[in-house]
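J.: Below you'll find the structure I mean.
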Amino acid sequence: MTMVYDDVGDEATGDVPVQRIRFTINGEKKVAEVEPRLLLAHLIRHGLRLTGTHTGCDTTNCGACTVLVDGTAVKSCTMLAVQADGHDIQTVEGLATASELHPLQEGFREEHGLQCGFCTPGMMMAAKALLDANPDPTEEEVRWALSGNLCRCTGYQNIVKSVLWAAQKLRAQAGA
Amino acid sequence: MSQAVDEIKIGGLGASRKRVEDNRFIRGKGNYTDDIVLPGMLHMEILRSPLAHARIKSIDASKAWDIPGVHLVLTGEMMATRNLAWMPTLSYDTQAVLATDKVRFQGQEVACVIADDPYIAKDACEAIVVDYEPLPVIVNPKQAVADGAPVIRDDKENQPDNVIYDWEVGDREGTDQAFASADVISILELHYPRSHPSPIECCGSIADFNRATSKLTVYMTTQAPHIIRAAVAMVAELPEHMIRIVSPDIGGGFGNKVPVYPGYVCSILASILLERPVKWIEDKSGNLISTGFARDVYLKGEMALRNDGKILAVRMHTDADHGAFFSDAQPSKFKIGLMHSAFSAYDVPVAHLTARGTYSNKAPGGVAYRCSFRVTEAMFFQERMVQEAANDLGMDQAKFRAINFVRDDQFPHRTPFGFLTDSGQYAKCLEVGLKAIDYDNFRHEQAEARKRGRLLGLGISTMTEPLGAGNSREYDILGIKMFDSADLKVHLTGKAILRTGAKTQGQGHETTWAQIVAHELGIPAEDVVVEEGDTDTAPFGMGTYASRSTPVAGAAVAMVSRKIRAKARKLAAHLLEVSEEDVEWELGRFYVRSAPDRGVTIQECAVAAYSNMPDGMEPGLENTAYYDPPNLTWPFAVYIVTVEVDPQTGVWDVLRMVAVDDCGVRINPMIVEGQIMGGLTEAYAMSNMQFITFDADGNCVGANYMDYLLPTAWETPGYELHSEVVTPCPHHPIGAKGIGECAAVGGPAAFVNAVMDALSGTGVRNIDMPLLPDRVWEAMTYRRDVSGAPPVRSDD
Amino acid sequence: MYPSRFRYEAPHSLDEAIGLLRDGGDYAKVLAGGQSLVPLMKLRFASPELVVDINNVPGLTYHRADPDGTLRIGALTRHADLERSELLRGTQPTMAAAAPLIADPIVRNRGTLVGSLCHADPQGDWASVVLSLDGSVIAQSPRGRRSIPISGFVTGPFENVLEPDEIAVEAVIPPARGERAGGYLKLERRVGDFATVGVAVAIEISGGSVTRAGIGLTGVGGSTIAATEAAAALTGRPLTPESIGQAAELAAAAARPRTDHRGSAEYKRHMVKTFVERILTGSSRRHGDEAERAA
């Protein structure tokens, strides 16, 4: 798979071709050596130990693995790690600064937008992509933008409220 | 003047306190099972059967062993030499861990591979060659009992056919008599289809056997860690004190994470054999096709009615399709769970229920998915029967329910099936709901719309449900009584740590249990850290499912807090140099009755417990409580939905959804509302799109997220929640009743009744869930009932 | 969840990509959006030996109208680009109606129209749309470029006519001679579902008559269906309730749906008819309005 496994193997994982890739993740520059078949989600979770991005299905439906690649929302389970070469990735761990939560994170807590928390990182990254492009969305636009992310616990109503809360705070910050 | 602390300010009962667990989840710092990495950890993947029923002629794993990075390949044969090919279930049956003689459902576990990483493990699974000899397949109860049906459980002695149990409850004679005297008999037959809880996080475990210490630690997705510890001790024949089950953060449970799955057992054996941690995380397809599903029950329901609308009697027969093994987690006394809680909110004098359970070539299960032990089925059947009965009488839906409700002055009330309900304001809840939906006006609108060819519909669903299983006289799982527990340690500085035998999977226990402590002791909720899930530290409990946590574990939290308070009172008397009888309590403080300004805070008592005890008193301020609930709690709800059905396409949209929930005292209103909305969404999903079925060969349709549909934010309706009606539970220490499953229990019938109402006049009595557009269209067009029972229809 | 092993190349030019395919061996696949290919590989329904990733090939992320009105869509144009496109909204009603209905919003950020056509999923939406517009695919190989009409592009489920050393570089929609009208309706149970039934209708109106018509059907046959008789019934006459009704009936008759868990064959045919009617009635109404305004 990748270089991150201590394979004390005998003769070998044989010639498993690996490729060297360079990318930025949450502002940090990284180099990795990965098998082509490694999914980006697994590079993030196991290679980089950033376990905030989750995997919940195997048919590209649930969106728990959503990250931003060059600012665009992408389901990281459906992108190969090698495809990240030369690109910029942002995960949930990159939302907060050293001292402050991102308004989306605050909004989800304020409006009870999560229960088990498993879909939450993906949901927030998809929401961030929405708010980056559309700082003043309607409820309908929020629901449409999040329709690629499944939640089983909340029924979405509070998730929508959380995103609108964050949108308002971001607009206020921008205005100030 | 009172110097009590402000309860809402300190996060006591009724405070919509922001959640403690959010702090890590919003940062992506949750600790779910797949996030955990142990040194030397290996990975396990499972090979599953592609066939629903087949003899295994041979398994050749030689190529799998040859793949570099593979450490172990387990087959049923190897498990059998260690007596682990079969394991006991929570319903006194046995279940295959890895198939030996034959496979009995599509997706059944046949072998597993442990390798350096899951990619290699998957490569190796693909290299295993299994030779199957197909056998005839059974996909519904009718086929199970037909002449000549193959016996699925030919592994069992004394199992000549596919019947698991026949069970009955109630008064057959009295019911028959009542039916004989009825003016109208209303009959309804339907199928509550198989559904799957499908939390987003799949099941998984990391088994870590340490040869040096002889201790087995298993991190795993489980809602009931202590039950698992006991089960593992039995199955793996390891001593219970050398087993530690740790349930970390769980990404949703809904009953899916209660049973013991073969994957857990295999990972444990693999770890013991390899002496390294072994991680097994299933994929969604494996989860959907093999883990504990829900429902799959057929109903024949009859109601004996008087012309003035009174229900004289109810008769129900249910056929439950349990899959290949009887593995439900439910109170052992009740084969079909609490199905007989049906009609508990109605003043029905007599009733009779017969229930049969059968095997089939499908994954095992039945009790799961926010069902409160089959109460979802009970209440769905009830409210569908009630709707048809009202229609048969030509009576208004709301009126029919209102005249049959148990009245406020009739409590305690013995239900026709023998439950004792103790409290409720059913009529008031209905009133609130009807007002909110503007009932009379809607009926008018509906009639006008019909003239213009638009089909509007309104559906009502009302129910009370038995939560908080349950009292030790009647309830046990595998013989273990269904109490729960709380352990509270108050430290020197008045901060505390609380552990319970429950296990939250999103219900917010870390937030709400601290609120109960705050309510009882006046310690700010933020000063109480809550832990659950580690069997080495948590007091013994039966876990979280069936909405039992607030009723049972929550009660234990209140009781242990009171034990602490009782000791603190003695310390206070000592500090204040008065006798205990002279000491009064207000929130956070003891004071001298005759001199209220003289008092000590609870924190000061805590200091004293370690530094200034009266003679003869044990130091410390820590205690444990085990709570055996005296009765079930009985929350009540009214759900009303309005819809519009497109007459050309059968597509229906929700216009409004009103929910009136009376769950007694609400610890944290924000969290309670979250639970209701989650449950309503699952109700909507079941009624609208969620669907698992099987074709004639037992192939599962709905074994991945392309086929098994969960609604997104786009389809999911908005909800109007009402909390005006509060009837505290008379026996619960803080008057709470529990809420986790209410909306999933009562919700589906509201949606279905609404669509059926829109179709009134067509003569259609039943469309099985999910009410997919093609089913609604077929019903409207041909004016006939539409069944969804397997095998799924096809051109062949 | 875990693909089998493969070799991976990420060329920086079309020629390089084609060369890799030519030399690559028996089973090579082009990776563009990856939203169809990668899921198949994860379930091991596809196990290519070589994956040629064309995302680094420049000059493929365009969609534009030539001066004569021909619409050209580059191989790396994402569904989301088309969903946001003012050009499509203003000049291509059928395409604009379909773009938001492809998969879900996040998948649309990566998936490509050209990739979707090549993937040739019988339940793919774009194929019906492009079919209704008489579109074609431009393919490039060591032998040069060729134009393949969409009607002859797909040979079966998940099979197209591209040679092993050929890459689809562009989708082409021929210019309209009249005013475009039409739409796409999809019966999906929720966002991201495959179509139970999908209908693409594209017509051109000139001098009060329908001068061109195309109808493509999704999900009601072994592959995308061109309802040619239905389209012919519209052509050469004004759009009226009669012509719409006829076309709808003929389109339903052209469908070859299967009865399955999504519904009976009869229902699906009924939905084809209903969708054709609804699209054309919407078109008819809009054109009626415009005609009134122009008068």
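J.: Can you list, largest first and rounded to whole Å, the semi-axes you get for the protein assembly as shown by taking the square root of 5 times each eigenvalue of its Cα gyration tensor?
T.: 50, 38, 32
J.: Three principal axis extents, largest first, for the C-alpha atoms of the stretch B:698-739, in Å?
T.: 49, 29, 13
J.: Moving to a separate point now. Find the centroid of the Cα atoms in the stretch B:426-441 and in the stretch B:768-796, then give the distance between the two in whole Å.
T.: 32 Å
J.: With bins 5 Å wide starting at 0, give me the P(r) of the stretch A:113-165 over every alpha carbon pair, in whole percents.
T.: 5, 23, 38, 24, 9, 2
J.: Can you pull the mean other chain C-beta count within 10 Å for peptide B:190-201?
T.: 3
J.: Pop out the ³J(HN,Hα) list for the stretch C:90-101 in order, Karplus 6.51 cos²θ - 1.76 cosθ + 1.60 with θ = phi - 60°, rounded to Hz; leave Gly and Pro as x.
T.: Per-residue couplings from phi come out as x, 10, 9, x, 5, 5, 4, 6, 7, 3, x, 9 Hz.
J.: In addition: Can you give the accessible area of B:C605 in Å² (nearest 10), computed on protein heavy atoms with a 1.4 Å probe?
T.: 0 Å²
J.: For the stretch B:284-435, what is the percent of antiparallel DSSP beta bridges, rounded to the nearest 5?
T.: 50 percent
J.: Find the relative contact order for the stretch A:77-161 and round it to a whole percent, using C-alpha pairs within less than 8 Å whose residues are 6+ positions apart.
T.: Relative contact order for the stretch A:77-161 comes out at 34 percent.
J.: Moving on. Could you check how much of the accessible area of the stretch C:150-249 is carbon and sulfur, as a whole percent, using a 1.4 Å probe?
T.: 51 percent
J.: With every protein chain present, what accessible area does B:W634 have (1.4 Å probe, heavy atoms only), rounded to the nearest 10 Å²?
T.: Approximately 0 Å² for this residue.
J.: Now for a different question. Quick one, can you get me the convex hull of the C-alpha atoms of the stretch B:148-190 expressed as volume per residue in Å³?
T.: Measuring per residue, one finds 151 Å³ for the Cα hull of the stretch B:148-190.
J.: Where Lys and Arg each count +1 and Asp and Glu each count -1, what net charge lies around A:D85 among other residues with Cβ under 13 Å from its Cβ?
T.: After counting each charged neighbour, the total is -1.
J.: Please sort C:147-153, B:44-50 by packing, taking for each peptide the average over its residues of neighbouring beta carbons within 10 angstrom, highest first.
T.: Put in order of decreasing packing, that is B:44-50, C:147-153.
J.: Right, another one. Could you work out the per residue convex hull volume over the alpha carbons of chain C, in cubic angstrom?
T.: So the per-residue hull volume is 129 Å³.
J.: If only Cα atoms are counted, what is the Rg of chain B, and what is its Dmax, in Å?
T.: Values for chain B (Cα only, Rg and Dmax): 27.5, 88 Å.
J.: Additional query: How large is the Kirkwood hydrodynamic radius of the stretch C:50-136, counting all unique pairs of alpha carbons, in Å?
T.: Across the stretch C:50-136, the inverse of the average 1/r is 13.4 Å.
J.: Here's a follow-up. Can you work out the accessible area per residue across the stretch B:607-714, with the rest of the protein chains kept in place, probe 1.4 Å, in square angstrom?
T.: Computed with neighbouring chains in place, this is 27 Å² per residue.
J.: Can you give the accessible area per residue of chain C, in Å², using a 1.4 Å probe?
T.: Here the residues of chain C average 38 Å² of exposed surface.
J.: What translational diffusion coefficient, to the nearest whole µm²/s, does the stretch B:624-739 have by Stokes-Einstein, given a Kirkwood radius computed over alpha-carbon pairs, a temperature of 10 °C and 1.306 mPa s viscosity?
T.: 93 µm²/s
J.: Using each residue's phi in the stretch B:592-597, evaluate 6.51 cos²θ - 1.76 cosθ + 1.60 at θ = phi - 60° and report the 3J(HN,Hα) Karplus result to the nearest Hz, with x for Gly and Pro.
T.: Running phi through 6.51 cos²θ - 1.76 cosθ + 1.60 with θ = phi - 60° gives 7, 4, 7, 9, x, 5 Hz.
J.: Ignoring solvent entirely, what values of log10 I(q)/I(0) come out of the Debye formula for the stretch B:329-417 at 0.11, 0.16 Å⁻¹ when each Cα is a single scatterer?
T.: Once normalised to I(0) and log-transformed, intensities are -0.39, -0.76.
J.: Report, as an integer, the average count of C-beta atoms from other chains found within 10 Å of each Cβ along C:59-68.
T.: Per-residue shielding by partner chains comes out at 0.
J.: Please state, to two decimals, what the Cα-based radius of gyration of the stretch C:1-116 comes to when divided by 2.2 N^0.38 Å (N = residues).
T.: Relative to the 2.2 N^0.38 Å estimate, the stretch C:1-116 comes out at 1.17.
J.: Then there is this: Give me the inter-chain shielding for C:205-211: mean count of other chain Cβ atoms within 10 Å, whole number please.
T.: Per residue, the number of nearby Cβ atoms from other chains is 0 on average.
J.: Moving on. What Kirkwood radius, in Å to one decimal, follows from the Cα pairs of the stretch B:191-345?
T.: Roughly 18.0 Å, rounded to one decimal.
J.: Show me you know the interface measure: the accessible area buried between B and A, both chains summed, probe 1.4 Å, in Å² to the nearest 100.
T.: Protein heavy atoms only, the B-A interface buries about 4700 Å².
J.: I want to verify the translational diffusion coefficient of the stretch B:172-240 in µm²/s; compute it with Stokes-Einstein, Rh as the Kirkwood radius over Cα pairs, at 25 °C and 0.890 mPa s.
T.: Reported coefficient: 141 µm²/s.
J.: Separate question: Can you give the % of DSSP beta bridges in chain B that are antiparallel, to the nearest 5?
T.: 80 percent
J.: Compute the distribution of all C-alpha to C-alpha distances in the stretch B:5-95, in bins of 5 Å from 0, and list the percent of pairs in each, rounded to whole numbers.
T.: The calculated distribution, bin by bin, is 2, 8, 10, 12, 12, 12, 8, 9, 7, 6, 5, 4, 3, 1, 0.
J.: To continue, here is another question. Based on the Cα gyration tensor of the stretch C:159-269, what are the three equivalent ellipsoid semi-axes, each the root of five times an eigenvalue, rounded to whole Å and given largest first?
T.: Computed over the stretch C:159-269, the values are 25, 22, 12 Å.
J.: Bins of 5 Å, beginning at zero and ending with the bin holding the largest distance: percent of Cα pairs per bin for the stretch B:383-455, please.
T.: 3, 13, 16, 19, 22, 12, 6, 4, 3, 1
J.: Could you work out the relative contact order of chain B, using alpha carbon pairs under 8 angstrom and six or more residues apart, expressed as a whole percent?
T.: Contact order relative to length: 16 percent.
J.: Going 7 Å from the Cα of B:F411 toward and past its Cβ, which residues in the stretch B:623-654 have a backbone nitrogen under 12 Å from where you end up?
T.: B:633-637
J.: Let me ask something additional. Between the stretch A:64-82 and the stretch C:44-63, what is the C-alpha centre distance in whole Å?
T.: Taking the Cα centre of each part, the stretch A:64-82 and the stretch C:44-63 sit 16 Å apart.
J.: Something else: Check which residues have an amide H placed less than 5 Å from C:V169's amide H, if you skip close sequence neighbours.
T.: Placed amide hydrogens put C:I138, C:A139, C:Q140 under 5 Å from C:V169.
J.: In whole Å, what are the extents of the stretch B:718-796 along the principal axes defined by its C-alpha atoms, from largest to smallest?
T.: If we take the Cα atoms of the stretch B:718-796, the spans are 59, 29, 23 Å.
J.: In Å, the Kirkwood hydrodynamic radius of the stretch B:98-154 over pairs of distinct alpha carbons?
T.: Here the Kirkwood hydrodynamic radius works out to 13.9 Å.
J.: Under the Karplus relation 6.51 cos²θ - 1.76 cosθ + 1.60, θ = phi - 60°, what is the ordered set of whole-Hz ³J(HN,Hα) values for the stretch B:149-163, x standing for Gly and Pro?
T.: Per-residue couplings from phi come out as 5, x, 7, 6, 9, 6, 7, 9, 6, 6, 10, x, 9, 9, 8 Hz.
J.: Hey, could you pull the Cα Rg and Dmax for the stretch B:377-520, both in Å?
T.: 22.3, 74
J.: Got a sec? Charge dipole of the stretch B:167-250, +1 on Cβ for Lys and Arg, -1 for Asp and Glu; which of B:H196, B:W167, B:I250 is way out at the positive end?
T.: B:I250
J.: Can I ask one more? Taking the stretch B:532-625 on its own, what percent of its Cα-Cα pair distances exceed 16 Å?
T.: 60 percent
J.: Please compute one quarter of the surface area of the Cα convex hull for chain A and express it in square nanometres.
T.: 11.2 nm²
J.: Keeping the other protein chains in place, figure out the carbon and sulfur percent of the accessible area of chain B, with a 1.4 Å probe.
T.: That fraction is 50 percent.
J.: Placing +1 at every Lys and Arg Cβ and -1 at every Asp and Glu Cβ, with all other atoms neutral, what dipole size does chain B have around its Cα centre, in debye to the nearest 20?
T.: The dipole magnitude comes to about 520 debye.
J.: Among B:V600, A:H42, B:C429, whose Cα sits farthest toward the positive end of the charge dipole of the protein assembly as shown (+1 at Cβ of Lys/Arg, -1 at Cβ of Asp/Glu, about the Cα centre)?
T.: Among B:V600, A:H42, B:C429, the one farthest towards the positive end of the dipole of the protein assembly as shown is B:C429.
J.: Still on this structure, I have one more. Can you find, among A:C77, B:M339, C:A176, the residue sitting farthest towards the positive end of the charge dipole of the protein assembly as shown, where Lys and Arg contribute +1 and Asp and Glu -1 at Cβ?
T.: Most positive-ward Cα: C:A176.
J.: For the stretch B:50-97, what is the convex hull volume of its Cα atoms per residue in Å³?
T.: Once divided by residue count, the hull of the stretch B:50-97 is 130 Å³.
J.: Right, here's the next one. Residues with amide H under 5 Å of C:E179's amide H, sequence separation 5 or more or different chain, H placed in the peptide plane at 1.01 Å from N; which?
T.: HN-HN under 5 Å from C:E179: C:I205, C:S206.
J.: Once the cut-off is 17 Å, how many percent of the Cα-Cα pairs in the stretch B:154-271 end up in the long-distance tail?
T.: Result: 70 percent of Cα pairs exceed 17 Å.
The values are calculated or read from the model by the stated rules, or taken from the named source; none is laboratory data. Small disclaimer: the values here were computed from a predicted structure and weren't measured. Backbone-built Cβ (ideal geometry, glycine too); neighbour counts: all protein chains shown. These accessible areas exclude ligands, DNA and RNA; they are computed on the full protein's heavy atoms, side chains included. Shrake-Rupley method; radii C 1.70, N 1.55, O 1.52, S 1.80 Å.
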